[in-house]
1. Do you know which residues across region 79-98 are without any contact (Cβ under 8 Å) to a residue 12 or more places away in the chain and part of a strand (DSSP E or B)?
2. Based on what the data block shows, is TYR112 at pLDDT 85 or above and either touching a Phe, Trp or Tyr at 6+ places or on another chain (Cβ under 6 Å) or in a loop (DSSP other than H, G, I, E, B) (or both)?
3. For region 71-124, give me the residue count where each residue is within 15 Å of TYR51 (Cα to Cα) and of a type in the set (A, V, I, L, M, F, W, C).
4. For residues that are touching a residue at least 60 places away in the same chain (Cβ under 8 Å) and in a helix (DSSP H, G or I), scanning just region 254-294, find the one that is surrounded by the fewest Cβ atoms within 10 Å (Cβ to Cβ).
5. Restricting to region 38-64, name every residue that is assigned to a loop (DSSP other than H, G, I, E, B) and under 43 Å from the mean Cα position of the chain (by Cα).
6. With the condition kept exactly as written, say whether any residue in region 33-49 is in contact with a Pro (Cβ under 6 Å, 6 or more places away or on another chain) and more than 30 Å from VAL135 (Cβ to Cβ).
7. Cβ-Cβ distance below 7 Å, separation of 6 or more or different chains: which pairs start in region 196-224 with a residue that is surrounded by 14 or more Cβ atoms within 10 Å (Cβ to Cβ) and end on one that is outside any helix (DSSP H, G or I)?
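The values are calculated or read from the model by the stated rules, or taken from the named source; none is laboratory data. These numbers were taken from a predicted model, which means no experiment stands behind them. Every residue, glycine as well, gets a Cβ built from its backbone with ideal geometry; the counts of neighbours run over all protein chains shown.
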Amino acid sequence: MKLGTLVFVLIITIVMSCAAFAASAPDVSATVSKRTINIGDRILYTISAKYDNNISVIFPVFADKRIGDFEIKDSGKTVKKGWFGKKVETRWYYITIYSVGKFSVPATQVLYTLKGTSATKSVPVKALEVSVESVLPKGAVITDIKDIKGPIRVREIKKFLAMLALIITFIALTILAYRKIRQRKPVRLPHETALEELQSLKGVFLQSGDVKSYYVGISDSVRRYIERAFNLRAPEMTTEEFLESLNNSSSLSLGQKSLLRDFMGSCDLVKFAKYAPSRDEADLVFTTAAKFIEETKDVHI
């Protein structure tokens, strides 16, 4: 056998022997992040086990979220792969204590079982000493702790009841105000009201056939719309006064002014000159009024 081959076989044999020896028991260690802390401080306590894949490890279980005199605030675990197929598993715990003095994170044990066997063995985990100090300077005298108060006086009870009544009254008034706000109907915009009026007038006209009432109603509806939308007292003006007041307005286009003038002229013919319009003319005056309202609903004079 060649020397190189012999060396290779020896190395493999040594590695396998070491791995088999290491598999006999996990390597267990425990640490704390600090040995001296202030009362209420958190420290990190860890238990780590390095073991082979042919070993099953059971870490200690701490009941009631306590490790001895220490309270567990948070916990978890990490698992990392080591050399030669080994694993390094760590259980970590953030612990704290609210007493002053020297305390011990108690000793415990990690259980393990070799695969293919039923025997459970254990590896001890050593205890760790922690010194807990007060946040007050040494020798300080506490002077801000007050004595226990006596029974509540009648005056204090009356004051409490008065405050309670005030709070209840405030809550009741708030609820009533909220209900009133919910019950309010939303404010309708001028063009919404005007278009609704036009539709209603058209429906009445189709049933009654009263042309004059129809024209008077449409004319008044448009005037009311102008009054609400443009803050102009249109219903109190004659047609000429009303149209004249719009001549100097830059908010309405020439086309809109012309449309309004033709509409008002058509209405006046029926209202005052006893003109009898055709059905097509009646439909046109409705269309003209609706068109004017739609085109000017976003205009402000």
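1. Start the filter on region 79-98 by keeping residues that are without any contact (Cβ under 8 Å) to a residue 12 or more places away in the chain, which leaves 79-81, 83.
Result: VAL79, LYS80, LYS81.
2. Details: at pLDDT 85 or above: yes; either touching a Phe, Trp or Tyr at 6+ places or on another chain (Cβ under 6 Å) or in a loop (DSSP other than H, G, I, E, B) (or both): no.
In short, no.
3. Final tally of qualifying residues: 8.
4. Per the criteria, the residue is GLU294.
5. Matches in region 38-64: ILE39, GLY40, ASP41, ARG42, PHE59, PRO60, VAL61, PHE62.
6. In the first step, residues of region 33-49 are kept if they are in contact with a Pro (Cβ under 6 Å, 6 or more places away or on another chain); the result is 49.
Remaining after also requiring more than 30 Å from VAL135 (Cβ to Cβ): 49.
So far as region 33-49 goes, yes, one or more of its residues are in contact with a Pro (Cβ under 6 Å, 6 or more places away or on another chain) and more than 30 Å from VAL135 (Cβ to Cβ).
7. VAL211/ALA276; VAL211/PRO277
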